[in-house]
Amino acid sequence: MKMTFRWFGEKFDTITPEQIRQVPAVVGVITTLYDTLPGEVWERDAVRALKARAEKAGLEISGIESVNIHDAIKAAAPERDRYIENYIKTLKILGEEGIDLVCYNFMPVFDWTRSDLAKPRSDGSSVLSYDGDIVENMDFEQMLQSLESKRGDFLLPGWEPERMARNKELFEIYKGVDEAKLRENLGYFLKAIMPVCEEYNIKMAIHPDDPAWSVFGLPRIVKNHEDLHAIVKLVDSPCNGITLCTGSLGSNPDNDIPAIIRSLKGKIHFAHVRNVKHLGYRKFDESAHLSGDGSLDMYEIMKAFVDIGFDGALRPDHGRMVWNEKSMPGYGLYDRAMGVCYLSGLLEAIRKS
Ligand code: DNO
């Protein structure tokens with residue numbers, strides 16, 4: 001397993017690759033060209049500059065999170081083939097630049113969702129939190145405003161303001177797209193991109209829906225064991241795989257994460273590891289990574305990864321915001337660094353047992 005750390009790039013992150021380099025065990029960053037919009041072809045020079053910046057700090061680029069997918073592809077709008085071609089061009093550039101892991105999601109309209117980006121905890125830190133009662137009593141505009149008011153100077157991944165300004169139009173294009181149709185559209189996309197992925201050995205890793213249920217009536221197809229298995233069967237290729245995000249899947253207490261990991265042997269290309277605290281039906285807070293701080297058994301999760309021989313990139317995911325740090329919501333340096341140490345300790349204990 002390769003320990004990595006998410007980095008949003010020089011202009012968007014408060015954390016530097018040099019700081020990341022000092023977190024023990026971390027060898028690479030998971031990054032992106034944060035200012036490219038879904039659908040745009042990435043520029044080779046920008047990819048090279050990103051690589052050079054990571055390498056200057058002694059780190060590799062272990063993967064891209066995310067190359068986002070245009071809504072025309074997800075909704076099978078008439079212009080989807082043009083956007084798929086653009087996606088293939090980007091993959092080719094990444095492959096030629098030696099990048100072999102791409103995380104993406106297939107959530108309609110918006111990416112991950114929370115009702116609070118900074119919920120205070122009794123220990124003085126704050127966390128991302130989701131309360132279904134709040135979300136279900138809001139309309140999408142209210143949700144946008146609530147996130148806007150709490151995001152500070154940071155742009156939230158998957159909530160690009162340019163796209164969100166067109167949210168009504170976006171909701172419109174998904175009318176008539178149910179789960180079966182969305183899955184079919186994913187299959188169409190995967191079939192089209194697999195040849196270029198296979199040529200460059202780029203592992204595509206779909207990210208689970210976060211939270212793992214439908215929000216604002218939109219279809220969601222990456223929620224549980226059945227969904228994940230349906231996706232790996234859509235295209236039988238070693239490049240078609242999963243980002244096993246323990247927190248997204250774990251938002252639903254019915255998902256048995258260690259069992260899901262074991263069932264996907266050979267299909268997990270990337271791991272996001274964090275803990276969540278279940279607070280009732282469709283309610284959870286994020287937490288520190290330790291088993292004792294949330295509802296997931298992190299030892300069993302790491303053991304499942306070891307048992308299936310997972311040797312890909314793993315990154316600690318969101319943690320608490322501690323010591324008054326100001327950074328991308330969910331992506332502070334300190335708690336994620338503690339997460340790396342904790343997860344590395346678990347790995348050492350598992351390997352020695
Ligand atoms: C949030 C992230 C997501 C994730 C994308 C992958 O913190 O986990 O934004 O990166 O869904 O495409």
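The values are calculated or read from the model by the stated rules, or taken from the named source; none is laboratory data. Because the structure is a prediction, the values reported are computed rather than measured. Neighbour counts are summed over all protein chains in view; Cβ atoms, including those assigned to glycine, are modelled from backbone coordinates with ideal geometry. Only protein heavy atoms, including side chains, enter the accessible area calculation; ligands, DNA and RNA are left aside. Shrake-Rupley method; radii C 1.70, N 1.55, O 1.52, S 1.80 Å.
A Cβ-based charge dipole, computed about the Cα centre of the stretch 158-211 with Lys and Arg at +1 and Asp and Glu at -1, lands at about 100 debye. Between M138 and R48, the FRET efficiency from the beta-carbon distance, with R0 = 35 Å, is close to 0.25.
Residue order by solvent-accessible surface for E325, E55, E199 is E199, E55, E325, largest first, with ligands and nucleic acids left out and a 1.4 Å probe. For M328, the residues whose modelled amide H falls within less than 5 Å of its own, excluding neighbours fewer than 5 places apart on the same chain, are T14.
Most tightly packed first, judged by the mean number of other beta-carbon atoms within 10 Å of their residues, the peptides 203-214, 169-180 read 203-214, 169-180. Structure remark: mean-square fluctuation, Gaussian network model of the chain, C-alpha springs under 10 Å; the largest value among L147, L279, L156 belongs to L279. Taking θ as phi - 60° and the Karplus parameters 6.51, -1.76 and 1.60, the scalar couplings of the stretch 321-336 work out to 9, 10, 6, 6, 5, 10, 7, 3, x, x, 10, x, 6, 5, 6, 5 Hz in sequence order, x denoting glycine and proline. Highest mean packing first, where packing is the average number of other Cβ atoms within 10 Å per residue, the peptides 242-253, 131-142 line up as 242-253, 131-142.
Remark: accessible surface ordering of H225, H70 (largest first) is H225, H70, probe radius 1.4 Å. The 3J(HN,Hα) values that the Karplus relation (6.51, -1.76, 1.60; θ = phi - 60°) gives for the stretch 27-42 are, in residue order, 10, x, 10, 10, 9, 6, 8, 5, 9, 8, 8, x, x, 6, 7, 6 Hz. Gly and Pro appear as x. In sequence order, the stretch 256-265 has phi-based couplings of 8, 5, x, 5, 4, 4, 4, 6, 10, 3 Hz under the Karplus curve 6.51 cos²θ - 1.76 cosθ + 1.60, θ = phi - 60°, and Gly or Pro positions carry x. Compared with the direct C-alpha span, the chain from W323 to D111 gains 73.6 nm at full extension, assuming 0.36 nm per residue. Here D311 sits with roughly 120 square angstrom of accessible surface, probe radius 1.4 Å.
Gaussian network model of the chain, Cα springs within a sub-10 Å range: biggest mean-square fluctuation belongs to which of E162, E40, E148? Judging by the Gaussian network model, the answer is E162. Since only L101, N137, A192 are under comparison, the one whose Cα sits farthest along the positive direction of the charge dipole of the stretch 80-201, derived from C-beta charges on Lys, Arg, Asp and Glu, is A192. Only one residue of A313, M328, H278 has its Cα farthest out toward the positive end of the dipole of the stretch 270-341, where Lys and Arg carry +1 and Asp and Glu -1 on Cβ, and that residue is M328.
A straight Cα-to-Cα reach below 16 Å connects K2 with the lysines K203, K303, residues fewer than 8 places away in its own chain not being considered. Surface analysis of the chain yields an accessible area of 40 Å² per residue, using protein heavy atoms and a 1.4 Å probe.
What is the diffusion coefficient of the stretch 119-261 in µm²/s, taking the Kirkwood radius over Cα pairs and the Stokes-Einstein relation at 10 °C with a viscosity of 1.306 mPa s? So the translational diffusion coefficient is about 91 µm²/s.
Taking the Cα centre of the stretch 175-264 as origin and assigning +1 to Lys and Arg Cβ atoms and -1 to Asp and Glu Cβ atoms, the resulting dipole is close to 120 debye. For the options W159, W112, W323, a Gaussian network treatment of the chain with springs between C-alpha atoms closer than 10 Å singles out W323 as fluctuating the most.
Counting only lysines at least 8 places from K168 when in the same chain, those with an alpha carbon closer than 24 Å to its own are K74, K150, K181. Surface calculation, 1.4 Å probe, protein heavy atoms: K56 sits at approximately 150 Å² accessible.
Only the Cβ atoms of Lys and Arg (+1) and of Asp and Glu (-1) were treated as charged; on that basis the dipole of the chain about its Cα centre amounts to roughly 580 debye. What does the C-alpha gyration tensor say about the overall shape of the chain? Classify as rounded when a/c is under 1.5, otherwise prolate if a/b is larger than b/c, or oblate. It comes out rounded by the Cα gyration axes. Measuring between their Cα centroids, the stretch 176-254 and the stretch 82-125 lie 13 Å from each other.
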